[in-house]
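Novice: Below you'll find the structure I mean.
The values are calculated or read from the model by the stated rules, or taken from the named source; none is laboratory data. Note that this is a predicted model, so its numbers are computed, not measured. No Cβ is skipped: glycine too gets one built from the backbone with ideal geometry, and neighbour counts run over all protein chains shown. Surface areas here come from the heavy atoms of the whole protein model, side chains and all, with no ligands, DNA or RNA. Shrake-Rupley method; radii C 1.70, N 1.55, O 1.52, S 1.80 Å.
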Amino acid sequence: MNATKKKTGSEKYLVIVESPTKEKTISRFLDASFRVKSSFGHIRDLPADCLGVDEESFAPTYKLLPRGVKIAAELNRLAKGCDIVYLATDPDREGEAIAWHLTHIIKAPADKFKRIAFHEITKQAIAHSLKTPRGIDLNLVNAQQARRIIDRLVGYKLSPLLWAKIKSGLSAGRVQSVSVRLIAEREKEIKAFKEEDYFTLSAKLTKDKSDEFEAKVVKWDGETIEKTVLIKLFSEDYRHKTSIFKKFEDTVPIATFLKDNELKVTKVEKKSSRQKPKPPFITSTIQQDAYNRLGFSSDRTMRIAQSLYEGIDFKGEREGLITYMRTDSFNISAEMLKETSKFVKETYGADYACQTPRLYQTKVKGAQEAHESIHPTNVYRKPSDLKESLNAEQYKLYDLIWRRFVSCQMEDAQFDVVSMEVSDEKNKAILRAGGRTMKFDGYLKVYKDLSKENEEEEKEGLLPVLKEGDIVKLKDIETKSHKTSPPPYYNEASIIKTLEKHGIGRPSTYAAIIKTIMDRGYIKRNPKEKKILITELGDLVTDKLKGFFSDIMSLSYTADIEEKLDNIAEGKDEWIKVMKDFYAPFTKNLKVASKDMDITKPNVQKTEEKCPKCGSFMNLRESRFGKYLACSGFPKCRGKISLDAEGNKKVVVKPIKTDKTCDKCQKSKMLLRKSARGYFLACSGFPRCRNINPVSDEEVEKIINSDSAVNIEKK
């Protein structure tokens, strides 16, 4: 619906949200008696130039942020003429804290403030929240306040220690430091892993010429061929495969035996199996799935989800498309369950709809069950209907959320499974084959599991119709060479899964944790191989901290703190007591570290490369973007040479001016430029004109070899 045009000063009610986009969306749902205004997030916080916390009482000193001065004045002006101030910030601890801070900034009687909360930005949800206001939940505020103060104390106390012992500009944190350790320990575990060769055998068998199938040799002389080895890692148990055959020569006797002996089917088992859908998304799983399926970073996923939650214009309306995206609960409202069941029956048929709604229980530590899962606000709003209203990345993420949610309320997929064993007369060698065929796709009609998306693999798993006692012929036998696999490097999806598993951080912090430790240069991405790697600096800081702060650097400690914060939020613990229990041992460890921690500067690797600016020798350094060469004369000289993943100097291609005129501004000439993805044409009138065009390989060669081509040196 279109917002009613409002006369300034005529409003009886002020609704404060923390986002301008929410302001724009919610304004459309309310009449002229309401004024919606954004606080632009937190407008009051601990001071940036000092600790801001009393170390005895833990009383915080809050100050208006620089950008908050004007906002506070405007909110006070608007509140003065209103009967009620509705605090409509996000339905989590952070949102509750923002609402609480607003009550201290706006000079108004306490009974003038009403707290409203909603998990989706729709007309119905806003109307319901206005009918059911409540007071500020001080337990939630104190939980957020305790987290903020603990993180401030750790950051402000540990960071100067790192400046003194390693180098200036470093930072440490309660959550970020143990997160860096996860990646550092994994890299050590990978380096310590000793790869070994092992061998397995597969046989191609047939009864008739058209019935060829593959079977794996699983037992030889009573011993299982493939073994699973368990390794205890820092964060989890890791299992890898090996076999009893360590050399190719070890497989020769069994290969010879199979060629010389008659084989027959000794067992055939047929059964049905069901595959259940996955639950709807929560914050951690949407970040993992968006990374694995769409290649989105966690930070990018949350930014896109925020835009879908806050509202999109379509067909003359503006409304939030998904529920609140920072949640660890699988809850679905009864109304949404009813609507989804109706939609599935109408769209896919009664066979695809569950007879009773599926309810999911969360396994996340400290999950806040009052929240909703991430799902569409209207299941009838199909992705295809919104394609014209969404940009490409919004469409992809909404499509993923919509499909995952609809599928979670659909019937199981059903399969016919056949397994078969083949052996010689004395069962000296046992071979096994298996296959399955889908007899009902169920939820897979909407949302395919990643491991099941390759249809050809499923076709290869089909077995011919055979019965026990049938003689089969050996057509071929293949000895396959393998290497034992080391633990995998973390990627964004797997590190988030690990943080969630150990209760490190909360849904709202996963993306921020990764971004922070990457920005600090403690970890780096290898985008080609989708790995997160530790940097030399991250490794050094981790080793230093775990030597003196074993509690903060342990997995269980961070989870214990999170549990105590949850207890504060539920009113089970006093936040001051939690602060005291934390701070006493922390200050004791800090004193020991300040005295006993050795000074260790990051290694400076000198090279023979000379600086292109001043001619001095260059040093090999590392940042979150990888290794690079920096002038040894820094900071007087800031000469720098970028290196690729293999350590070779990157070839910097200067823009080449062409004789083509920009087809957008019709004024400037086009430049041939090169990015990581290849060559393209860009308007030389940038930034006034941002036109870019693709260019073919033939055109590139023609431009480069052209007599009129001119290299442009950027000033």
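Novice: Working only within region 537-595, note down all residues that are more than 30 Å from the chain's Cα centre (by Cα), charged (D, E, K, R), surrounded by fewer than 20 Cβ atoms within 10 Å (Cβ to Cβ) and within 17 Å of Ile150 (Cα to Cα).
Specialist: Listed by number, the residues that qualify are Glu574, Lys577, Lys580, Asp581, Lys588.
Novice: Right, next: Need pairs with beta-carbon distance below 9 Å; first residue over 30 Å from Lys515 (Cβ atoms) and within region 609-627, second surrounded by 14 or more Cβ atoms within 10 Å (Cβ to Cβ) and among the β-branched types (Val, Ile, Thr); sequence gap 6+ or separate chains.
Specialist: The qualifying pairs are Glu609/Ile641; Cys611/Ile641; Pro612/Ile641.
Novice: From Lys345, Lys338, grab the single residue that is free of Cβ contacts under 8 Å to residues at least 24 places away in the same chain, in contact with a strand residue (DSSP E or B) (Cβ under 9 Å, 6 or more places away or on another chain), open to solvent by 70 Å² or more (accessible area, probe 1.4 Å) and in a helix (DSSP H, G or I).
Specialist: Lys345 is the lone residue from the list that is free of Cβ contacts under 8 Å to residues at least 24 places away in the same chain, in contact with a strand residue (DSSP E or B) (Cβ under 9 Å, 6 or more places away or on another chain), open to solvent by 70 Å² or more (accessible area, probe 1.4 Å) and in a helix (DSSP H, G or I).
Novice: Quick one: Leu263 ticks every box in (1) within 27 Å of the chain's Cα centre (by Cα); (2) open to solvent by less than 10 Å² (accessible area, probe 1.4 Å) except a single one, so which number is it?
Specialist: (1)
Novice: A follow-up question, please. Among the numbered conditions (1) closer than 20 Å to Tyr628 by Cα; (2) at pLDDT below 85; (3) open to solvent by less than 100 Å² (accessible area, probe 1.4 Å), tell me where Gly639 comes up short.
Specialist: Condition (2) is where Gly639 drops out.
Novice: Check whether at least one residue in region 611-625 is charged (D, E, K, R), more than 28 Å from Lys157 (Cβ to Cβ), surrounded by fewer than 16 Cβ atoms within 10 Å (Cβ to Cβ) and at pLDDT 85 or above, and report yes or no.
Specialist: Looking for residues that are charged (D, E, K, R), more than 28 Å from Lys157 (Cβ to Cβ), surrounded by fewer than 16 Cβ atoms within 10 Å (Cβ to Cβ) and at pLDDT 85 or above, one finds at least one in region 611-625, hence yes.
Yes/no matrix, rows are residues, columns are (1) part of a loop (DSSP other than H, G, I, E, B); (2) open to solvent by less than 30 Å² (accessible area, probe 1.4 Å); (3) of a type in the set (Phe, Trp, Tyr); (4) closer than 18 Å to His101 by Cβ:
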| position | (1), (2), (3), (4) |
| --- | --- |
| Glu120 | yes, no, no, no |
| Leu130 | no, no, no, no |
| Leu140 | no, no, no, yes |
| Trp163 | no, no, yes, no |
| Ser177 | no, yes, no, no |
| Lys188 | no, no, no, no |
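Novice: Just the residues that are closer than 26 Å to Leu533 by Cα and of a type in the set (D, E, K, R), please, taken from region 198-234.
Specialist: If the condition is that a residue be closer than 26 Å to Leu533 by Cα and of a type in the set (D, E, K, R), then Lys232 is the only one that fits.
Novice: Given the options Tyr360, Tyr380, Tyr352, name the one that is modelled with pLDDT under 95 and closer than 22 Å to Tyr443 by Cβ.
Specialist: Result: Tyr360 is the single residue among Tyr360, Tyr380, Tyr352 that is modelled with pLDDT under 95 and closer than 22 Å to Tyr443 by Cβ.
Novice: Let me ask another. Quick check: anything in region 483-499 under 30 Å from Lys601 (Cβ atoms), out of contact with any Lys or Arg (no Cβ under 6 Å at 6 or more places or on another chain) and among the acidic types (Asp, Glu)?
Specialist: Within region 483-499, none of the residues are under 30 Å from Lys601 (Cβ atoms), out of contact with any Lys or Arg (no Cβ under 6 Å at 6 or more places or on another chain) and among the acidic types (Asp, Glu).
Novice: Sort out which residues of region 396-430 are surrounded by fewer than 20 Cβ atoms within 10 Å (Cβ to Cβ), under 28 Å from the mean Cα position of the chain (by Cα) and either assigned to a loop (DSSP other than H, G, I, E, B) or not charged (D, E, K, R) (or both), and write them in order of number.
Specialist: Asp412
Novice: Tally time: how many residues in region 302-328 are open to solvent by 10 Å² or more (accessible area, probe 1.4 Å) and more than 13 Å from Thr283 (Cα to Cα)?
Specialist: Looking only at that region, the number is 10.
Novice: If I ask for residues that are exposed (fewer than 14 other Cβ atoms within 10 Å of the Cβ) and small (Gly, Ala, Ser), which ones from region 668-693 would you list?
Specialist: Correct list: Ser675, Ala676, Gly678.
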